[in-house]
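Encoded as structure tokens, the structure appears first; notes follow it.
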Ligand SMILES: [Zn+2]
């Protein structure tokens with residue numbers, strides 16, 4: 001029996017690839033946004049403002065930071 005793996009990649013519908021591509025691009029965009037958030041969190045760490053709400057200046061509850069380490073605001077001021 002001969003192995004012809006190239007045929008497996010042929011998609012007669014031509015749809016699956018487009019869907020996968022769109023999903024991948026959405027994931028990439030979300031990952032890039034996450035990187036931006038991480039960068040901002042790191043900058044706030046350096047400035048000593050990490051863990052403080054950008055709106056009211058109160059400390060963000062630790063439980064919230066554990067769930068969302070990149071949170072910039074307290075629960076009251078979350079968008
Ligand atoms: Zn606040």
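Any read-out appearing in this document is the output of simple, stated calculations on the displayed coordinates, not a laboratory observation. None of these values were measured; they are calculated from a predicted model. Positions of Cβ are generated from backbone atoms using ideal geometry, with glycine treated the same way; all protein chains shown enter the neighbour counts.
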Please enumerate the residues belonging to segment 46-79 that are near the ligand (Cβ under 9 Å from one of its atoms) and either touching a residue at least 24 places away in the same chain (Cβ under 8 Å) or part of a loop (DSSP other than H, G, I, E, B) (or both). 53, 54, 55, 56, 57, 58, 60, 73, 74, 77, 78
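Here is a yes/no grid of residues against (1) within 16 Å of the chain's Cα centre (by Cα); (2) exposed (fewer than 10 other Cβ atoms within 10 Å of the Cβ):
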position: 23; (1), (2): yes, no
position: 29; (1), (2): yes, no
position: 45; (1), (2): no, no
position: 51; (1), (2): no, no
position: 62; (1), (2): no, yes
position: 73; (1), (2): no, no
